[in-house]
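So the structure is just underneath, and the comments pick up after that.
The values are calculated or read from the model by the stated rules, or taken from the named source; none is laboratory data. Predicted model, so just to flag it, every value in this text is computed and none were measured. All Cβ positions, even for glycine, are placed from backbone atoms using ideal geometry, and neighbour counts span all protein chains on display.
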Amino acid sequence: MEQETGTTSFKKILVIDDNPTDRYIAKRMAEKFLFAEEIILQESALEALHYIKSLENTPQLLPELIFLDINMPGMNGYEFLDEYAKLSETIKSNCIILMITTSLHPDDFRRAENNPSIFRFLNKPLDQEKFRLIESEFSLKK
């Protein structure tokens with residue numbers, strides 16, 4: 001992370017999590033470690049889908065990374081992924097999804113690992129070590 005120069009690793013990230021504490025931690029850590037220029041927080045998967053769809057005609061405004069919680073009321077992370085899969089290639093080619101959870105259940109890990117839309121599965125909370133891992137993996141993907 002380029003803390004000395006003040007540059008961020010990513011232009012925009014989206015955090016989808018129903019827990020206000022987890023959203024706060026994600027935002028503070030991303031700011032502290034200069035992970036993203038802009039951090040969008042959504043507390044529901046459905047609201048996040050509407051937000052993403054609203055940017056379809058302006059792909060440069062889409063979040064590069066989406067941090068998606070698994071367990072949420074209304075629409076959970078897997079239901080979000082089902083709807084996300086139906087979105088345009090413009091959206092899907094510009095956004096990378098990282099599943100985040102407090103769950104240590106092996107089935108959650110396997111299910112996430114087998115979903116082609118998910119780039120990585122991470123346990124909460126987000127911290128400097130996880131951001132560095134994402135940065136290194138993302139730079140290899142480019």
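Worth a mention:
- Scanning segment 67-86 for residues that are hydroxyl-bearing (Ser, Thr, Tyr) and loosely packed, with under 15 Cβ neighbours inside 10 Å turns up nothing.
- Identity of the residue in segment 87-122, among the charged types (D, E, K, R) and surrounded by 15 or more Cβ atoms within 10 Å (Cβ to Cβ), that ends up nearest to LEU55 (Cα to Cα): LYS92
- Condition check for SER54: in contact with a helix residue (DSSP H, G or I) (Cβ under 7 Å, 6 or more places away or on another chain), farther than 23 Å from GLU113 by Cβ and small (Gly, Ala, Ser): no
- Residues of segment 123-137 satisfying the condition of being surrounded by fewer than 18 Cβ atoms within 10 Å (Cβ to Cβ) and without any contact (Cβ under 8 Å) to a residue 60 or more places away in the chain: ASN123, GLU129, LEU133, SER136, GLU137
- Condition check for GLU38: acidic (Asp, Glu), at pLDDT below 95 and closer than 26 Å to SER139 by Cα: no
- Pairs are defined by a Cβ separation below 9 Å, a sequence spacing of at least 6 or placement on different chains, a first member in segment 67-83 that is on the phi < 0 side of the Ramachandran plot and in contact (Cβ under 8 Å) with a residue 12 or more places away in the chain, and a second member that is of a type in the set (Val, Ile, Thr) and assigned to a loop (DSSP other than H, G, I, E, B); the pairs so defined are ASP69/THR102; ILE70/THR102; ASN71/THR102; ASN76/ILE70; GLY77/ILE70; TYR78/ILE70.
- Subset of segment 1-35 (residues that are assigned to a loop (DSSP other than H, G, I, E, B), at pLDDT 95 or above and surrounded by fewer than 19 Cβ atoms within 10 Å (Cβ to Cβ)): ASP18, ASN19
- Of the helices (runs of 4 or more DSSP H) contained entirely in segment 66-142, those carrying at least 2 residues that are within 20 Å of PHE33 (Cβ to Cβ) and under 15 Å from the mean Cα position of the chain (by Cα) fall at 128-141.
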